[in-house]
Amino acid sequence: MDSPRLSAELLLAHAGRLRRLDILVRPELELEEDQVETFRDLVRRRGHGEPVAYLVGHKEFYGRDFQVGPDVLVPRPETELVIDLCKEIAAFHAKWRIADICAGSGNLGVTLCCEFPGFQCLMADVSLPALQMARRNARRLGVADRAFVSQQGFASALGYGTLDLAVCNPPYISPAEYSSLSREIVQFEPKIALHGGREGLELPWRAVGSIASRLRPGGYMILETGRDQARRIASRMSRSESCWDNVRVHLDLRGDDRFVSAQRVW
């Protein structure tokens with residue numbers, strides 16, 4: 001397993017209903033017998049590849065705790081950069097209508113509502129269990145009055161020209177890349193949220209097309225892509241007949257091309 005010590009500490013803290021800090025600074029603590037059995041079961045499941053986030057039922061994203069489960073992807077640290085890019089575009093008190101397309105756990109849409117008090121967000125996904133998780137996270141983090149859910153493919157049910165901003169983390173893994181992923185991902189995370197069609201580009205490009213008509217002129221889109229996809233998508237969006245302008249590629253934490261931002265001009 002990756003990071004075995006961290007996994008063990010997190011699972012031990014969960015089994016003992018403790019903080020990870022307690023595990024580190026209070027070695028004299030002892031678990032009750034039922035907690036020991038819970039810990040052993042968690043270790044066994046982790047040994048078979050089940051993600052720690054699914055075992056403990058939550059994952060931190062942008063400093064907040066999100067409920068997660070096998071119906072949604074585990075939020076990745078690199079996706080936090082979408083929030084940073086939004087902060088470069090929108091003023092803190094902007095009263096924008098936004099959408100989180102392919103919302104999953106709602107980590108993007110809910111976080112944006114937490115960070116921008118004037119945002120109203122529609123979180124869209126084809127998966128009803130994912131939307132139920134997103135709704136729970138909106139309630140837990142106090143933004144349920146501004147973050148709503150809708151079951152739909154991409155932005156297909158949204159009104160034309162109604163959005164100021166759309167963020168999207170679509171499925172973008174190609175069949176060849178999917179076969180090489182770790183068993184932790186392949187066996188446990190939902191394939192529907194990963195498989196991007198032929199070459200991994202089919203669904204990201206469908207997402208771009210769906211979002212384009214839902215943005216108002218001057219509205220923004222931020223798209224997460226696979227490591228080898230951002231420049232190809234940006235190049236296609238920059239063609240003269242396209243409705244996009246200010247198309248930019250952004251790097252992730254490892255320096256790979258990962259995100260595309262753009263502004264609709266007509």
Looking at the range 254-266, can you tell me whether even one residue there is surrounded by fewer than 20 Cβ atoms within 10 Å (Cβ to Cβ), touching a Gly at 6+ places or on another chain (Cβ under 8 Å), touching a residue at least 40 places away in the same chain (Cβ under 8 Å) and among the aliphatic types (A, V, I, L, M)? yes
May I ask you to list the residues in the range 149-201 that are among the hydroxyl-bearing types (Ser, Thr, Tyr) and over 20 Å from the mean Cα position of the chain (by Cα)? Tyr160, Thr162, Ser179, Ser180
State the number of residues belonging to the range 129-160 that are outside any helix (DSSP H, G or I) and either under 22 Å from Leu194 (Cβ atoms) or out of contact with any Cys (no Cβ under 8 Å at 6 or more places or on another chain) (or both). 14
Can you confirm whether Ala124 is crowded, with 23+ Cβ neighbours inside 10 Å and at negative phi? yes
For the range 184-199, what are the residues that are assigned to a helix (DSSP H, G or I) and either modelled with pLDDT of 95 or more or closer than 24 Å to Tyr54 by Cβ (or both)? Glu184, Ile185, Val186, Lys191, Ile192, Ala193
Close pairs from the range 182-199: first assigned by TED's automatic domain parsing to the domain that holds Pro170, partner aromatic (Phe, Trp, Tyr) and outside any helix (DSSP H, G or I), Cβ under 6 Å, at least 6 apart: Gly196/Tyr172
Which condition from (1) closer than 30 Å to Ser150 by Cα; (2) in contact (Cβ under 8 Å) with a residue 60 or more places away in the chain is the one that Gly49 breaks? (1)
Look through the range 70-102, keep the residues that are in contact with a Gly (Cβ under 7 Å, 6 or more places away or on another chain) and under 20 Å from Leu194 (Cα atoms), and return whichever of them is surrounded by the fewest Cβ atoms within 10 Å (Cβ to Cβ). Leu73
Search the range 1-42 for residues being over 23 Å from Lys59 (Cβ atoms) and among the acidic types (Asp, Glu), and hand back the single one that is surrounded by the fewest Cβ atoms within 10 Å (Cβ to Cβ). Glu28
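Could you tell me which of the residues Ala130, Ala176, Ala144, Ala157 is of a type in the set (A, V, I, L, M, F, W, C), under 26 Å from His48 (Cα atoms) and surrounded by fewer than 19 Cβ atoms within 10 Å (Cβ to Cβ)?
On the way: Ala130 fails: surrounded by fewer than 19 Cβ atoms within 10 Å (Cβ to Cβ); Ala144 fails: under 26 Å from His48 (Cα atoms); Ala157 fails: under 26 Å from His48 (Cα atoms).
The conditions single out Ala176.
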Specify which of the listed residues (Pro204, Pro217) is in a helix (DSSP H, G or I), in contact (Cβ under 8 Å) with a residue 12 or more places away in the chain and in the same structural domain as Leu163 (by TED's automatic domain parsing). Pro204
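The values are calculated or read from the model by the stated rules, or taken from the named source; none is laboratory data. Given the structure is predicted, the values throughout are model-derived calculations rather than measurements. Don't worry about glycine lacking a Cβ; one is built from the backbone with ideal geometry, like all the others, and counts go over all protein chains shown.
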